[in-house]
Amino acid sequence: MKIFIVAAATLIGAAQAAVQGFDVSHWQSSVNFAAAYNSGARFVIIKATESNNYIDPKFNSHYTGATSAGLIRGGYHFAHPGATTGAVQADYFIAHGGGWSSDGITLPGMLDLENASGYAACWGLSKSAMVSWIKAFSDRYRSRTGVYPMLYTNPSWWSSCTGNSNAFVNTNPLVLARYASAPGTIPGGWPYQTIWQNSDSYAYGGDSDIFNGDLAGLKRLAKGS
C-alpha cells in the first residue's frame, strides 16, 4: 500500500486528474445508478453496516444497482468505537457486505469515523484508545481480505479524537470529508487524500466524492495494487 500511495501521488501531481463518484445509504431509498454513470460518475461507496448490530436495509439493492450500471463499488461501515472491539466490528462488516476481492470493480471497505448524535464525543475514548481501536479494525480487515480499509474522517474529528495521529499514513487510504472548494490542509500526516467528499449533495443522491487521480488509478485501488 505504501508503494501505491507514493506512486499515485506522483501521478496525481503530474496529471491533476479526478474521477467523480458518490456515496449512499438507506437515506437514499431510490438511486438511478445508470444515470449517475452516464453523467460521468465511475464509483460509489455504499453503507453496509453500523456498530455490530445494524445492516443497512438498502445495501443489497444499492450494490446490485451499482454493479449493473458498471460502477466500481464498495461498502462502508459506520464505526461505534468502544461499543465492541475494532476486530469484532471488522468481522461484522465483512460478514455483511464489506468484503473485498481483486476483481477490479470492488473498492476496499471504508471505515467511517465521525461523531454521532446521542453519543459521547469521540465515543468516549481517549486519543490513544481511539488509535488502538482503529488499528484493531484495520489490522483485522487486512488479515481477512488482504487489503487495508480506507479511513473516512474530517480534520476536526481526526485532531480531536486521535491527536492528529499519523499511524495510518503508510497503510490506509484517506477519504477526506471537507465541504469546500478545495481539500485544504490534510490531517494525520497523509500527503494527500485518496478520495475527497467535497459536498453533502450529489445530483443522483447522497454525497459527492472525488477520486484524486485518473480512472486507471481508481482501478488500481480496486485491484489492491
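The values are calculated or read from the model by the stated rules, or taken from the named source; none is laboratory data. From a predicted model like this one, the values you see are computed outputs, not experimental measurements. Note that we place each Cβ from the backbone using ideal geometry, even for glycine, and neighbour counts take in every protein chain shown. Keep in mind that these areas ignore ligands, DNA and RNA; they rest on the heavy atoms of the full protein, side chains included. Shrake-Rupley method; radii C 1.70, N 1.55, O 1.52, S 1.80 Å.
Search the stretch 106-134 for residues being over 15 Å from the mean Cα position of the chain (by Cα) and outside any helix (DSSP H, G or I), and hand back the single one that is surrounded by the most Cβ atoms within 10 Å (Cβ to Cβ).
Filtering the stretch 106-134 down to residues over 15 Å from the mean Cα position of the chain (by Cα) leaves 115-133.
Right, trim to outside any helix (DSSP H, G or I) and you get 115-120, 125-126.
Numbers: Asn115: 15, Ala116: 14, Ser117: 4, Gly118: 5, Tyr119: 13, Ala120: 10, Leu125: 18, Ser126: 12.
Only one residue fits best here, namely Leu125.
Check whether at least one residue in the stretch 84-97 is open to solvent by 50 Å² or more (accessible area, probe 1.4 Å), within 17 Å of the chain's Cα centre (by Cα) and within 28 Å of Ser30 (Cβ to Cβ), and report yes or no. Outline the logic, then answer.
Kept after step one, since they are open to solvent by 50 Å² or more (accessible area, probe 1.4 Å), are these residues of the stretch 84-97: 85, 88, 95-96.
Those still in the list that are within 17 Å of the chain's Cα centre (by Cα) too: 96.
When the remaining residues are screened for being within 28 Å of Ser30 (Cβ to Cβ), the result is 96.
Taking every residue of the stretch 84-97 in turn, at least one turns out to be open to solvent by 50 Å² or more (accessible area, probe 1.4 Å), within 17 Å of the chain's Cα centre (by Cα) and within 28 Å of Ser30 (Cβ to Cβ).
Hey, can you tell me all the residues within the stretch 165-195 that are open to solvent by 40 Å² or more (accessible area, probe 1.4 Å) and either touching a Pro at 6+ places or on another chain (Cβ under 6 Å) or under 22 Å from Lys219 (Cα atoms) (or both)? Within the stretch 165-195, Asn170, Pro191 qualify. For the stretch 20-50, a residue qualifies if it is among the hydroxyl-bearing types (Ser, Thr, Tyr) and either surrounded by fewer than 18 Cβ atoms within 10 Å (Cβ to Cβ) or assigned to a strand (DSSP E or B) (or both), and the qualifying residues are Ser29, Ser30, Ser39, Thr49.
Taken over the stretch 146-198, the criterion of being under 19 Å from Arg73 (Cα atoms) and out of contact with any strand residue (DSSP E or B) (no Cβ under 9 Å at 6 or more places or on another chain) is satisfied by Gly146, Val147, Tyr148. Per the listing Ala203, Ala222, the residue uniquely in contact (Cβ under 8 Å) with a residue 60 or more places away in the chain, hydrophobic (A, V, I, L, M, F, W, C) and in a loop (DSSP other than H, G, I, E, B) is Ala203.
Quick check on this structure: which one of Phe137, Phe168 is outside any loop (DSSP other than H, G, I, E, B) and at pLDDT 95 or above?
On the way: Phe168 fails: outside any loop (DSSP other than H, G, I, E, B).
Going through Phe137, Phe168 in turn, just one is outside any loop (DSSP other than H, G, I, E, B) and at pLDDT 95 or above: Phe137.
Scanning the stretch 70-105 for residues that are among the small types (Gly, Ala, Ser) and in a loop (DSSP other than H, G, I, E, B) turns up Gly70, Ala79, Gly82, Ala83, Gly99, Ser101, Ser102, Gly104.
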